[in-house]
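The structure under discussion appears below in the form of structure tokens.
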Amino acid sequence: MPVRRYADSSAAGATQTINARLKQDLKAAMRAKEKIRLTVVKGILSDILYVEKNPSTGASFSRDSDADVAGVIQRGIKQRNDSIQSYKDGGRQDLVDIEKAELQILEGYLPKQLSSEQIEARVKEVVGRLGVSGIKAMGTVMREVDISPALAPKSRVAEVAKKLLTQQG
């Protein structure tokens, strides 16, 4: 299923928050009767509301922050990837196709992701600046690496940092 960009959401995408684009696309998907897109957008908006209302994260979460909303979308992407693997193992190609379509829709809301080389360069710069080595410095490095969840999942950043620190230590 091709990823469809709506004229009203992509034209203003540079100045509009991800949350605002989601709300616009919800209306457009309802009008166009696109069931998969509608389900995905409703699910993400529901997840955003849940995180916002959750007492443990609600105080620090803002639906107007693209980084916070991107973190919610990243979790949705991770869930879809896990589901795809489970469905493949179970031989359910029909469900794999649905999950892949949902995954494409979710990825359309995130900015271009950093490559592993770009992440590695930023982590190397932080490790060099801090002058640390060994796996015990992992927490310090992760606090100092300033990569938005919109650009790279924290798990990928942690994976690269762990690899670099174990090579040094």
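The values are calculated or read from the model by the stated rules, or taken from the named source; none is laboratory data. Quick caveat: nothing in here was measured; it's all calculated off a predicted structure. Virtual Cβ from ideal backbone geometry, glycine too; neighbours counted across all protein chains shown. When the accessible area is computed, the model is the full protein with side chains, heavy atoms only, and any ligands, DNA or RNA have been set aside. Shrake-Rupley method; radii C 1.70, N 1.55, O 1.52, S 1.80 Å.
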Check your understanding: Here are some pairs, LYS42/LYS154; LYS78/LYS112; LYS78/LYS162; LYS27/LYS112; LYS42/LYS88; LYS112/LYS136; which of them have Cα atoms lying more than 27 Å apart in this structure?
Key -> LYS112/LYS136
Check your understanding: Per residue, how much space in cubic angstrom lies within the convex hull of the C-alpha atoms of segment 19-104?
Key -> 89 Å³
Point to revise | Options ILE98, ILE73, GLN85, ranked by Cα towards positive dipole end of segment 44-115, top entry (Cβ charges) | key: GLN85
**Study point:** Accessible area in square angstrom per residue, segment 17-169, 1.4 angstrom probe
**Key:** 57 Å²
Exercise for review: Determine Rg/Rh for segment 116-169; Rg is computed over alpha-carbon atoms and Rh is the Kirkwood hydrodynamic estimate from the same atoms.
Suggested key: 0.92
Revision key, fill the gap. In degrees, nearest 10, the alpha-carbon axis of helix 116-130 is tilted away from the dominant principal axis of the alpha carbons of the chain by 40 degrees
Practice item. Sort 74-85, 34-45, 131-142 for me by packing, meaning the mean count of neighbouring Cβ atoms within 10 Å per residue, highest on top. Key: 34-45, 74-85, 131-142
Check your understanding: What's the carbon and sulfur percent of the chain's accessible surface, probe 1.4 angstrom, rounded to a whole number?
Key -> 52 percent
Review point. Can you list the HN-Hα couplings for segment 71-85, worked out from phi with the Karplus curve (6.51, -1.76, 1.60; θ = phi - 60°), rounded to whole Hz and with x for Gly and Pro?
Key: x, 5, 5, 4, 5, x, 5, 4, 4, 5, 4, 5, 5, 4, 5
Study note, to complete from the structure: Both in Å, the radius of gyration and Dmax of the C-alpha trace of segment 90-137 are 18.4, 51
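Specify whether the C-alpha gyration tensor of the chain places it in the rounded, prolate or oblate class, a ≥ b ≥ c being the square roots of the eigenvalues: rounded for a/c under 1.5, otherwise prolate if a/b is larger than b/c and oblate if not.
Since a/c reaches 1.5 and a/b is larger than b/c, the shape of the chain is classed as prolate.
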Review point. Straight-line reach from LYS53: which aspartates and glutamates have a Cα under 17 Å away, not including same-chain ones fewer than 8 places off?
Key: ASP64, ASP68
Exercise for review: Report the label-to-label distance for GLN167 and LYS53 in nanometres (one decimal), using points 7 Å from each Cα along the Cα→Cβ vector.
Suggested key: 4.6 nm
Exercise for review: Assuming R0 = 45 Å, can you tell me the calculated FRET efficiency for the pair GLN93 and LEU130, based on Cβ-Cβ distance, to the nearest 0.05?
Suggested key: 0.40
Exercise for review: Please state the charge dipole magnitude for the chain, taken about the Cα centre, from unit charges on C-beta atoms (+1 on K and R, -1 on D and E), reported in debye and rounded to the nearest 20.
Suggested key: 160 debye
Point to revise | C-alpha long axis of helix 154-168 to longest principal axis of the chain, angle in ° | key: 20 degrees
